[in-house]
Every structure is written in C-alpha cells, then in structure tokens.
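Read the structure below first, then the notes.
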Amino acid sequence: MKKLIFIILTAIMVSCNNEPSLQKYFVENSESSNFIALDITPSIINTGKLSLTKSDKEALNAFEKMNILAFKKDSLNDSAYVSEKKKVKELLKGKSYQELMRMGSGNDGGALYFVGEDDDIDEFVLFANKKENGFALVRILGDNMNPTQIMKLINLISKSDLNMKEFGIKSKCCGEILILDICI
C-alpha cells in the first residue's frame, strides 16, 4: 500500500511540470493588455457555401482548434515587445518544436514549426513578426495532421465567411499562406 501511494505521489509530482511551455505562455498572456487572444474552433469556420472535397473534409476533421496570441506593439511597450519576442523564440527552440519553413527576414517575417512526425502532426505553430505592429503566435492543434492539410485548412478559412475583423485581426491570403496583420 505504501509503495502504491509513493508511486501515485511521484506521478503527480512529475506531471506538475513547472518548465516554460508555449501553452503556459498563451495562458499567462491571454489577459494582458499588450496581447489579443483568440480561440477558433472548427464550428466557427462557415463552410456552408463551399463545396468541399474529400481532402478538405479530412483537413477539417483533423483540426481541433486554433489559438492566436498577438502582441500589439506601440510606442509605449517597445521594451516589452523585445522581451516577449525573445521569450517566444526561446520556447520555439525547445526540443519538441521542429522548424518546417521560414519566411521574410529579421524585422518582418515568420516561421512555421510543428510537433510530431511528418504525417502525424499534433500541433503547428506559426510565429509571425512585423516590427512596427508586433507579433502573432498561432497554434493549430489537431490529430494526425500533415502539412498539406494545414495549407488546405488555411485556404478554407480564407474562403469561408469567417470575419477576422470582428476579432481585431485583418486577414489576407497571399498564395497559400495566411498572413496576419495586427490591427492597432
């Protein structure tokens, strides 16, 4: 009996990990006045007027939710912007995040990361930065996703009646890549 209690207590202590994580970063900053936080579930994507292919439906079924956290930069929070951007970059250097692609350059650009295996991805992360506006961090969570499905999902979001302006974010589609500009 004592051995069982010890095992349970050890499991609880191990599961209460205090290491920084992207999920914790989202939670800690979602109420901050410097950030805009938004959660999108598949139900908000209005596909009623779209004719969906089988692969479109598979992409939607693999998608569970999207979390968006955007830092709104202004003249008063420049040092906070630099600090928060550095924190995010450090989190994305973690061993669980693999860089898929990089776009742009130092002040304006972004990178796409993933967690999982090539055809069994559980999380995609887009980190986009625009020096004069701030940065956006987008987590796309799902089950058994692949890069093709993510591109299809982004394309479906841009074609649907989802009005991102309601959330304080402008969206425009540039080829297959959704670019988020933070509205200030």
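Here are a few things to note about the model shown:
- Surface listing: L38, L76 arranged by accessible area from highest to lowest gives L76, L38, probe 1.4 Å.
- Calculated FRET value between T53 and D120, using beta carbons and R₀ = 25 Å, to 0.05: 0.70
- These residues, I44, I140, go from largest to smallest accessible area, 1.4 Å probe, as I44, I140.
- Cα gyration tensor, the stretch 15-63 - rounded (a/c under 1.5), prolate or oblate: oblate
- Here r is the Cβ-Cβ distance between N77 and E28 and R0 is 22 Å; the resulting FRET efficiency, rounded to 0.05, is 0.85.
- Each of the peptides 80-86, 67-73 was scored by the mean count of other Cβ atoms within 10 Å over its residues; in descending order, highest first, they stand as 67-73, 80-86.
- Ranked by how many other beta carbons lie within 10 Å on average, peptides 91-98, 118-125 from highest: 118-125, 91-98
The values are calculated or read from the model by the stated rules, or taken from the named source; none is laboratory data. Everything numeric in this text was worked out from a predicted model, so none of it was measured. Note: ideal-geometry Cβ built from the backbone for every residue, glycine included; neighbour counts use all protein chains shown. Please note that ligands, DNA and RNA were not included when accessible areas were found on the heavy atoms of the full protein model with its side chains. Shrake-Rupley method; radii C 1.70, N 1.55, O 1.52, S 1.80 Å.
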